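Here's the structure we're looking at; comments come further down.
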Amino acid sequence: MYYKFSGFTQRLVGAGASAAYAPQGLKPVVSTESPTLIFATPTKIASDVPSTVEYLGKNRVPELQKFFQKPDGLPVHLKRGLPDQLLYRTTMALTIGGAIYCLIALYMAANPRKMK
């Protein structure tokens, strides 16, 4: 059995297959003519396209793997030098500053000022 939503009773009611797949009485529109071309340029068929994928740039993954896997004792997030160090130190400073700010706000909320 098929069901459809009744707009009158606001519930599901039993329905035939054609009514269930065309809700609210809408019937699927079947076009007999092909759609007009938008830009009037021919399209390529998938079989005409070469099967190889062309990349825009050189594959740098092997170089980066060698660079990041060098055993020089540095953590991965600091391997690229000064920009990584600046980002790391800024992040740590903001994290510690935020934690201190949260503790101060918690202290102020726990000990409100006395009204005179």
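Here, each number is a calculation from the coordinates, and none is a lab measurement. The model shown is predicted, which means the values in this text are computed figures rather than measured ones. With ideal geometry, Cβ positions are generated from the backbone for all residues, glycine too; neighbour counts draw on all protein chains shown.
For the reader, a short list of remarks on this structure follows.
- For ALA15, the residues 5 or more places off, or on other chains, whose built amide H falls under 5 Å of its own are TYR2, TYR3, LYS4.
- Were the residues from THR90 through TYR3 laid out at 0.36 nm apart, the gain over their Cα-Cα distance would be 25.4 nm.
- Shown is the FRET efficiency for CYS102 and LEU12, computed with R0 = 41 Å from the Cβ-Cβ distance and rounded to the nearest 0.05: 0.20.
- ³J(HN,Hα), Karplus 6.51/-1.76/1.60, whole Hz, each residue of the stretch 13-18, x for Gly, Pro: 10, x, 8, x, 4, 5
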